[in-house]
Amino acid sequence: MAETLEHVSLPEAVGKALRRRILNNELPAETRLVEANLAAEFGVSRGTIRDALRSLNAEGLIAIVPRRYSVVTRMSPGDAEDVCFARYVLEDGSVQAGFGPSRKDLARGLRVAMQRMSAAAVTDDMDALVEGDTRFHELLIDISGRNRLKDLWSMLNSQMGALMRAEIERQGIDLSEAVHRHRPIVEAVEEGDLDRLREEIRSHYLTGFPPS
């Protein structure tokens, strides 16, 4: 059954629909995506499908086999470790100078983002959980007020869906546990404990990977 597309460009709309299916595991790893079949399902041209698949490939959600088909993939542990380390360095750099102009507002915003993530976990909606996770960590990166830092952090956002889908499967956890792992960060902000906050951010991103 074809999905209703949003009022955006066709490649973006198709990409969003396919991304949702991949993140929610409706299209599991190793599923083949054939341009002709997808074009017929969505009622669009094969060129539109091709553009959408290129976007998903850049996000690390699929691999493209030239002139044949695309296949749903999972981010490798090594790539996941690299993305997590980069995010850790940027977020730690953002918070090390303090909590920003209003620690209470920050804590409140983090709680709201966690509530969104929890609601997504209840409905097993990985796509919505990734959106909530992005907002949660965006609040931490905004503390510094440094635009260049935010730009670098944002460049990694497109891969967060692939990262979370792969790591949830690799670590054998459910969505509610993924949400729970954000709680110590919120508690550190509420306590006003900067040293703990930095340690919790480090643990959040780097725990679970073997030493390099």
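The values are calculated or read from the model by the stated rules, or taken from the named source; none is laboratory data. The structure displayed is predicted, hence computed values, not measured ones. Note that each Cβ is placed from the backbone with ideal geometry, even for glycine, and that neighbours are counted across all protein chains shown. Protein only, heavy atoms only, side chains kept; ligands, DNA and RNA dropped before computing areas. Shrake-Rupley method; radii C 1.70, N 1.55, O 1.52, S 1.80 Å.
Evaluation of Pro101 against the conditions (1) out of contact with any Cys (no Cβ under 8 Å at 6 or more places or on another chain); (2) surrounded by 14 or more Cβ atoms within 10 Å (Cβ to Cβ); (3) not basic (Lys, Arg) shows that the sole unmet condition is (2).
A Cβ distance below 8 Å, combined with a sequence gap of six or more or placement on separate chains, defines the contacts here; from the range 106-126, residues that are at negative phi reach residues that are outside any helix (DSSP H, G or I) and open to solvent by 50 Å² or more (accessible area, probe 1.4 Å) in the pairs Ala121/Asp174; Met126/Asn25. Selection over the range 73-88 of residues that are among the hydrophobic types (A, V, I, L, M, F, W, C) and under 18 Å from Val189 (Cα atoms) gives a count of 0. Within the range 82-105, the set of residues being assigned to a helix (DSSP H, G or I) and either within 25 Å of Glu169 (Cα to Cα) or touching an Asp or Glu at 6+ places or on another chain (Cβ under 9 Å) (or both) comprises Asp82, Val83, Cys84, Phe85, Ala86, Arg87, Tyr88, Val89, Glu91, Ser94, Arg103, Lys104.
Could you grab me the full set of residues in the range 52-81 that are surrounded by 17 or more Cβ atoms within 10 Å (Cβ to Cβ) and part of a helix (DSSP H, G or I)? The answer is Ala52, Leu53, Ser55, Leu56, Ala80, Glu81.
The number of residues in the range 138-160 being in a helix (DSSP H, G or I), open to solvent by 10 Å² or more (accessible area, probe 1.4 Å) and either in contact (Cβ under 8 Å) with a residue 40 or more places away in the chain or over 20 Å from Leu110 (Cα atoms) (or both) comes to 11.
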